[in-house]
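Everything on this sheet refers to the single structure shown next.
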Amino acid sequence: MLPLILLSQVAMSIALPTPQCDLNKIIIAGGEYSLTNGTNVGSTVQYTCPEGKYPHPSYSQECLPNGNWSKQKAKPECKAVQCPRPVMFESGEFYPRKDRYFVGDVLEFECWGGFKMFGPVNRTCQPNGKWSGENTICDDQEGDCPNPGIPPGARKVGDSYKIENTVKYTCEPRMELFGSKERVCKEDKSWSGAEPSCRYWYTFDTPKEVAESFTAHLSETIEASDPDKVEDQAYRAIKVQTGGLMNIFIIMDASKSVGVDNFNTAKDVSVVFIERMASYDFIPRYSVISYASFAKPAVLLSDDDSTDAEAVIERIKNLKYSEHEDKQGTNTRAALYEVHKMLSLQNVRDPKKFMETRNVILLMTDGKHNMGGDPNLEMKYIRQMLNIRKNNTREDYLDVYVFGLGDETDNNEINELASKKNPEKHVFKMQSISDMLTAFDEMLDVAEILQMCGLSREFPPDQEEDVQEKFPWIAKITITRAGSEEKCKGSIVSKFFILTAAHCFYIDDALHAITVKVGDKTFKVKNLHRHEKYDPAGKQDKKVPNSFDYDVALIELEKNIEFSRKIRPMCLPCTTGTSWALKQRGKSVKCADHVQTLLSGELVKAMFIAEEKEKAFQRKDVFIKRENKRLACLDDTKKIEKFKDIPDIKDAVTDNFLCTGGIEPEVDPQTCKGDSGGPLVVPFKRRFIQVGIISWGTINSCNGSKRKPGPVPALSRDFHTDVSRMLDWIREKLKEEGLEFLD
Ligand code: MN
């Protein structure tokens, strides 16, 4: 008998087909599905449902080696999203009272006599499973702390709000608590921890919610890291004196449960995050860690280039999901241990600076640690090391943001790890990881730091551009004269001033005849300052019929400009703002350093902005010709008929002009009449610095303000007033504008 059994077993294992999962079991009622690898073992099915519905029992299922889908027992269907039902509401009423609330349902609140309402009267159930607005609270204001409220879906124990009193929260079954389970009324009459909320597993944060709460708080943190913080909220320039006052740890879970797609998107998200950070006026020190069974730091805080955003980005891009061979493990604690080690090293090297450094941890994981022990324990050690204790003010020195990766995040675990602070949010769970990308992309839109110079929003190729957000520093100038209108451009350089060309104006132009438009706002002119040395007829003895030397003017506006994401200032060389944009720090940075960075070598990549049609600004890339290449500009100018009789061409093209145009090394687009006064700009990383003011050209091949089609004449050259040579004059006129010019 024995051999026969063996034989039959062998035969069976040979005959055993590779299992396939049953396609019928994943057809979802009311929704759609997609498979990563057909019905093969290891393939994942992902469900999508229409807005306001969610896939039950989960967003995805996996084809298991036994030929069953994970969670196969429940037949997949799209179910209606519910918002949590208010189970307790203190000192008031709400209507209607129902067992279940669906998307679009509206709750109306009312407070009893003697109680004041905080929060909205009405709240609407939204497609992401959350009620609109903040929690509605009825408070008699008798406590030391305000009534902390009860979020829908929660019960609260404790109704006395004196200092040291505690309230505790629990969520109804099938819901998870985000935020703090327990809060204490503190000495300063505010509640400890973060406001709780109850969520069903399918509830998610929208990109807008994340961008708003995440960046609003982070920009405060950046500003707080400024030792010389200007208290005036209206002028919030950030001036971190030296780099390294903020550490940012980016930690990415590369374990099997996360999957390669989510890991790659986490990489993209990190890159966008760093790029956005790099456009603020501060320079953090980065660390990047990926982990599965083990943690692998890709960038250490102590690395020489850990403050170099581009180098850090490069190393993130090179990270591979496959670097973590043993993917079964999820050792979140090991990743936090790396953070702990790096902080210890920093502490040993410079304890004073260490204690002044703020720390941000950005953890992207689905939770579900399964080895290495409790990650919260490591977090506790990190807090100890930073000397963060209950009731001391050092909470500001650590922010732990946790982003739930994937649909099957362990909400409890990510909530535990995230910071709990009042009123900020630190834990986010999004419907898809690409929503995270959108959230970070929107960060600049909501940033409060608007006076930062030379910013521009970039638009991906598949998205329609908002030219005003792309070129937020361009001003349009109109001069109305008897029977005609002249158009010029300018650049916003401060709240009250527009930099432009002097030749746009006649000596007898009335101020009321000049209007300035920025974005969709029109401004009246208080004063027009033209350079005292600008004198068109001043070089006739040198046979220059019309001199443009010192072609610079500043328009002073009657009212100040309100900066917004559509209206922002341009960077001028030799200002502190430009030091930030150029990432040149410290007191030793001189004006000459800016000029050296912006204008060196024979060819400098630059651009100007042309308005081909109404509301259709276009970037035109050109090369500034310097040194020998500039001499060629002069030679070409001499060859042109109307300049032939000038004995010394340098009287027309003085050293105060930058030269663009011509056909070498590339054909430069020409400037046209309406471009006059506009900025010639050098892009530096993601910032823009004005080096010239469009002044005049040798050949006019434009039709009014439009470039003629066809080849650009080879001898065509454009000249721009060199801003760096006009700085004494500009500085004097802008001395009240807070630009902080360098020596
Ligand atoms: Mn995992």
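The values are calculated or read from the model by the stated rules, or taken from the named source; none is laboratory data. Remember, predicted model here, so these are calculated numbers, not experimental data. Using ideal geometry, Cβ is built from the backbone for each residue, glycine included, and neighbour counts are taken over all protein chains shown. Each accessible area value is taken on the protein alone, full model and side chains, heavy atoms only, with ligands, DNA and RNA left out. Shrake-Rupley method; radii C 1.70, N 1.55, O 1.52, S 1.80 Å.
Below are the figures for this structure:
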{"quantity": "Pairs, first of a type in the set (Gly, Ala, Ser) in the range 612-631, second outside any strand (DSSP E or B) and open to solvent by less than 40 Å² (accessible area, probe 1.4 Å), C-beta under 8 Å, six or more apart", "calculated": "ALA616/VAL467"}
{"quantity": "The range 330-352, residues that are away from the ligand (no atom under 16 Å from the Cβ) and either in contact with a Leu (Cβ under 8 Å, 6 or more places away or on another chain) or hydroxyl-bearing (Ser, Thr, Tyr) (or both)", "calculated": "TYR337, MET342, LEU343, SER344, LEU345, GLN346"}
{"quantity": "Any chance LEU405 is within 15 Å of the ligand (Cβ to nearest atom), modelled with pLDDT under 90 and in contact with a helix residue (DSSP H, G or I) (Cβ under 7 Å, 6 or more places away or on another chain)", "calculated": "yes"}
{"quantity": "Where ASN264 falls short, out of the listed (1) open to solvent by 10 Å² or more (accessible area, probe 1.4 Å); (2) touching a strand residue (DSSP E or B) at 6+ places or on another chain (Cβ under 8 Å)", "calculated": "(2)"}
{"quantity": "Subset tally (residues that are outside any strand (DSSP E or B) and either surrounded by fewer than 16 Cβ atoms within 10 Å (Cβ to Cβ) or of a type in the set (Phe, Trp, Tyr) (or both)) for the range 71-86", "calculated": "4"}
{"quantity": "Single match in SER91, SER132 (criterion: of a type in the set (Gly, Ala, Ser) and more than 27 Å from VAL402 (Cα to Cα))", "calculated": "SER91"}
{"quantity": "Elements of type strands (runs of 3 or more DSSP E) in the range 128-192, at least 3 residues being surrounded by 19 or more Cβ atoms within 10 Å (Cβ to Cβ) and touching a Gly at 6+ places or on another chain (Cβ under 6 Å)", "calculated": "none"}
{"quantity": "Test result for ASN66, of a type outside the set (D, E, K, R), open to solvent by 10 Å² or more (accessible area, probe 1.4 Å) and within 38 Å of the chain's Cα centre (by Cα)", "calculated": "no"}
{"quantity": "Residue satisfying all of: in the range 353-386; open to solvent by 30 Å² or more (accessible area, probe 1.4 Å) and closer than 16 Å to ILE248 by Cα; nearest to the ligand (Cβ to nearest atom) among these", "calculated": "ARG383"}
{"quantity": "Residues satisfying the stated conditions in the range 527-582, i.e. within 26 Å of the chain's Cα centre (by Cα) and aromatic (Phe, Trp, Tyr)", "calculated": "PHE563, TRP580"}
{"quantity": "The range 166-183 residues that are more than 10 Å from PRO196 (Cα to Cα), paired with ones that are of a type in the set (A, V, I, L, M) and in a loop (DSSP other than H, G, I, E, B) (beta carbon under 7 Å, 6 or more apart)", "calculated": "GLU172/VAL87"}
{"quantity": "Helices (runs of 4 or more DSSP H) (entirely within the range 528-645) containing at least 2 residues that are of a type in the set (D, E, K, R)", "calculated": "627-638"}
{"quantity": "Any hit, the range 320-329, residues being within 16 Å of the ligand (Cβ to nearest atom), of a type in the set (Gly, Ala, Ser), surrounded by 21 or more Cβ atoms within 10 Å (Cβ to Cβ) and under 24 Å from PHE294 (Cα atoms)", "calculated": "no"}
{"quantity": "Single match in GLY710, GLY677 (criterion: at pLDDT 95 or above, within 30 Å of GLU464 (Cβ to Cβ) and assigned to a loop (DSSP other than H, G, I, E, B))", "calculated": "GLY677"}
